[in-house]
Structure formats: C-alpha cells, structure tokens
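J.: Sharing a structure below in structure tokens format, with a few things to ask.
Please treat every number below as a calculation from the coordinates, not as lab data. Worth saying up front: this structure is predicted, and the values here are computed from it rather than measured. Cβ sites come from the backbone with ideal geometry, for glycine too, and all protein chains shown count toward neighbours.
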2 protein chains.
Amino acid sequence: MTERKRQNSNTRRAMLANEIAQAIRLRAFRPGEWLRQIDLEERFQATRFDVRSALDELAVRKTIEHVPNRGYRVAEVDLKTYEEILATRIILERATAEGIVARIDEAGIARLDALAAQFSAAVRTGSRTEQSEINRAFHQFMYSFCGNAVLEEMIWSLRDRGRGSQITVWSSHELLQKSDREHYEMMAALKARDAERLAALIATHIAKGAPVGPVPVEPG
Amino acid sequence: MTERKRQNSNTRRAMLANEIAQAIRLRAFRPGEWLRQIDLEERFQATRFDVRSALDELAVRKTIEHVPNRGYRVAEVDLKTYEEILATRIILERATAEGIVARIDEAGIARLDALAAQFSAAVRTGSRTEQSEINRAFHQFMYSFCGNAVLEEMIWSLRDRGRGSQITVWSSHELLQKSDREHYEMMAALKARDAERLAALIATHIAKGAPVGPVPVEPG
DNA sequence: GGCGAAATTATTGGCGCCAATTTTGTTGCA
DNA sequence: TGCAACAAAATTGGCGCCAATAATTTCGCC
C-alpha cells in the first residue's frame, strides 16, 4: 500500500481546523493575533484552499474572527462575553452531574482517578500545556458519561470560545492547586453517587477557576 | 448613488446562509432533502461560490449535512439526538427565567402580551408558517431579556438543529392550543415576577410541545 | 420482459490565477 | 526632523474552469 487513499477535502478541512484550534488552545497563537494564510500553509503543509476552508470553519465556530480584506485573527473575548460564557458553562456543566452519577461505572471511576492523579503530577512538574491538556482530558472523560452528546458538544464549543479571553486561567499556582484538589472532591462526590454535590463542585470549579470579579449567579 | 457599494463576501455568505436556514425552518426543504447547488444559485440569485460557502457554514452549524461527492442535504435528526436536543434546550431555556424576570420592563411585557395575542390569532386563522414565525418571535423577544447573549445564541442554534427531526411539531391542533395557553401562563408568571414558575412552564412548554415518548428528566 | 453492463449525463469539488485591498517603505517638502 | 503623498510589496479574496464522482439512461444479452 504505497499509495494511500486520498482523503476528501471534508476530512482534511476538519482536521486542519482542529489542528489550528488546538494550536490556539495551547496559546501558540494568542488572542488578537493575526493568522496569516501563507504561514499556516507552511506550518501545516496544506494548500491555501484548505487553509481558507479551515479558517472559515473556525470563524463560524467563533474561535477566530474574520475581518474582510484583513484576514483572520484569534477572537478576543471581551469581559462581558467571557462572563456570559462562564455563566452558560456553569448551567451546562452542572447539568451533566445527574447523568454522570447515574451512568459511570467502576472502570470509568478508576480511569478518572488516574487522570486526576496525572493532573496532580502535571501541577508539580508538568508544563502549562500538559496541565491544560490533562485537565481537558479529565473533564472530557467525565462528561462523556453524561449520556447527552449534544450537551457535550455545547460544552466544548463554549470552552474553546472562552480561550480567546485575555484573562489568564490559573493565573497563580495556588489556583492550579485548588483545581487539583477540586478534582478529588468531585471524585468523592462521584463515588458517593451524590449528583447534587457534584453539580455544586463543578459550578465552583468553573467560577473560581477563573479570577474574574463577581461571578454570575447560577440558577438553582 | 447609482452604484451601490458592493458587499463583501462575508456578508453575502452569511445572508445567504440565513436565507437558506429560514427556508429550511419553513420546511421549503424537508429533512433528508438534497440541496442542489444549481437550484440554490437560481433560487437565491447567487454565484456558485457563494452557495458553496453558505452550505459549508450551515454544515458547520449542523443545520445541514455534507456527504462527499453527493452534496448537502437537510440534516435528519434521529430520535436519540432529538431527545438530547430537547433535554439540552430545557436546561438552557429554563436558565433564562431568572434573568428575564429580573430585567424585563413594562414595555417589554406589553410587547410580549401583544405577541402572545398575535399567536392566538395565528392559531385560529394563520398558516403553519405564520404560527411558527410568531411563536419564534415570542420566545426570541422573551429570551432577549435574559441578559446573556451567549446563552441566547446556544438556544437558537439548538432550536434550529431540532428542525431537522421528522417529528412534526404541533402535530395536532390541540397541542397548538396548548402552546397558546402556556404563553399566557408564562406571561402571568412573568408579571408575578415568579422566576421558578416561569422556568417550570418553559420546561413543560418544550417537553410537551413535541409529542415524543418519555420526556427526558430535567435537572433540578 | 427482466437484468446487468456500459455509455451518457448531471453534479459536485479541488484549486490556482489574478484583481482588489491593505500594509510597508520611500521620497520630497516645509 | 516631522509629515504627507506617493510607490512598492505583501496579503487577501472572488471566482471560473474542468477533473472526479455519482446518477441515469441506453443497450444488449439471456
């Protein structure tokens, strides 16, 4: 099989869009930074056409912003929008608790424990990137048990959008450690099958994880 | 000003995408139906390029589905996904209640009353399309007071996606009248500034408006 | 007449060219 | 030296052509 079947543009575009999105998540491109098509062509070894498609897709997803005749840049999320994103995330992520508690099995709990431990390790010795990705993996795996794929999509879409804010997540090492501790509290609630406590923990995890002023009230 | 300033493709694409989306909402194109690019060119007087861009955008928004080398078709939402959309809508739309009650003013209430009355009239004498659009206007205006633009976006994105289901909304005239009555119940809760009641009404409005089997449990 | 294969037609989709626009650099003048 | 006008370079973006693929029809054979 020397000649690999050529992928259709659909797939290539989606892959490229995800690669760029990941680069943005990892802060390889900072909020407000212009994404020059020529650079992206080289960096990701893609044609100009694919780059443009991928950028269009990300613009629809609001990960980046399109300015006519200027190009595409990483979306800068203003404070108001950032707080709205946080408030909406709290609404959505809280709502996963019930399903997770109802559906997660022993194997899932074990794997989550492992991810929590990985995060602890990353807090001590890992890079910012590792911390971020492991944290993401922890939450992604946890939410995957909620039993509502649409809900999950919404959550990740919002989480990605929130990256465009200037507010530095985990601004202090202290906050990072707090996040770490909260993961274990979540695990405890999970093992106790206490959905309400899990929901509350998720809410504070989101609200307190980002050091913005007065946190919007979550419904309850 | 004989020569109008030419719009950039950005705007044209977005406008076309919205026109197509509306046509889908109004069931001019049915779930599963193929959207042939040539037809769309004619119908909306657009270039092929613009049509493709708009279709791509709608595919990202999941209003339509893209099948390589076959084209684009109105997304068919399977029952499971439909129920997930409903469940997620309940989560999100419930959450608007608090903000609406807190923020809506007398003028807003008056306008909502008028929209509710318009809907009643449409239930009696209007076409299916009118009913649908007025209902949309009612909810759109109400939710616009929730104070969270991001939350609103999510809601409308989900509502659009739900259109792709084969399940006929308002399958019976009875259900339509029930929706009508519920609007007035919402108005009453709104006037009483009772956020919790409003939230509960919104939840049943969504769940009972669509005659699917067992309705997913809403959190709370 | 029924069925499968081949030819024809219809439709989609990759992509590169070059015009439009913006940005950067340079020159000339007060 | 500062500023404005002009020129050059860089970058984006519209769009049409035609190859690739799928759908349809025709044809020939059993």
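J.: Put a point 7 Å out from Cα along the line to Cβ at A:S144; what are the distances to that point in the other copies, in nm, shortest first?
T.: 4.2
J.: List the distances, in nm to one decimal, from the label point of B:E33 to the label points of the same position in every other copy, shortest first, placing each label point 7 Å from Cα along the Cα-to-Cβ direction.
T.: 4.6
J.: For the protein assembly as shown, what is Rg from Cα atoms divided by 2.2 N^0.38 Å, rounded to two decimals? Walk me through the numbers on the way to the answer.
T.: On the way: Rg = 23.1 Å, N = 440, 2.2 N^0.38 = 22.2 Å.
In units of the 2.2 N^0.38 Å rule of thumb, it is 1.04.
J.: Considering only A:A102, A:A207, A:A21, give the residue with the highest GNM mean-square fluctuation for chain A, with springs between Cα atoms whenever their separation is below 10 Å.
T.: The residue that fluctuates most here is A:A102.
J.: Just to confirm the filter: which trypsin sites (Lys or Arg not before Pro) across the range B:68-138 are DSSP coil and have at most 10 other Cβ within 10 angstrom of their Cβ? Don't jump to the answer; show the numbers that get you there.
T.: Working: sites: B:R70, B:R73, B:K80, B:R89, B:R94, B:R103, B:R111, B:R124, B:R128, B:R136; in loops: B:R70.
Answer in residue order: B:R70.
J.: Shortest first, in nm, what separates the label point of B:S171 from those of the same position in the other copies (7 Å along Cα→Cβ)?
T.: Computed spacing set for this position: 5.3 nm.
J.: Rounded to whole Hz and in sequence order, give me ³J(HN,Hα) for the range A:124-130 from the Karplus expression 6.51 cos²θ - 1.76 cosθ + 1.60, θ = phi - 60°, writing x for Gly and Pro.
T.: 6, 10, x, 7, 4, 4, 4
J.: Expressed as an acute angle from 0 to 90° and rounded to the nearest 10, what is the orientation of the C-alpha long axis of helix A:173-191 relative to the principal long axis of chain A?
T.: Tilt relative to chain A: about 60 degrees.
J.: Okay, next question. Quick one: B:I90, A:I167, fewest Cβ neighbours within 10 Å first, how do they rank? It would help to have the intermediate numbers written out before the result.
T.: Numbers: B:I90 24, A:I167 15.
The fewest-first ordering by Cβ neighbours comes to A:I167, B:I90.
J.: Indicate the gyration tensor shape class of chain B (rounded, prolate or oblate), computed on the Cα atoms with a ≥ b ≥ c the square roots of the eigenvalues: a/c under 1.5 is rounded; otherwise a/b larger than b/c is prolate and the rest oblate. Spell out each step's value before the answer.
T.: On the way: a/c = 1.92, a/b = 1.53, b/c = 1.26.
Prolate, because a/c is 1.5 or more and a/b exceeds b/c.
J.: Next question, about the same structure. Nearest the rotation axis from B to A, which residue of chain B has its beta carbon, and at what whole-angstrom distance?
T.: B:V60, 2
J.: What list do you get for B:D194, B:D180, A:D78 if you sort them by fewest beta carbons within 10 Å?
T.: Lowest to highest Cβ neighbour count: A:D78, B:D194, B:D180.
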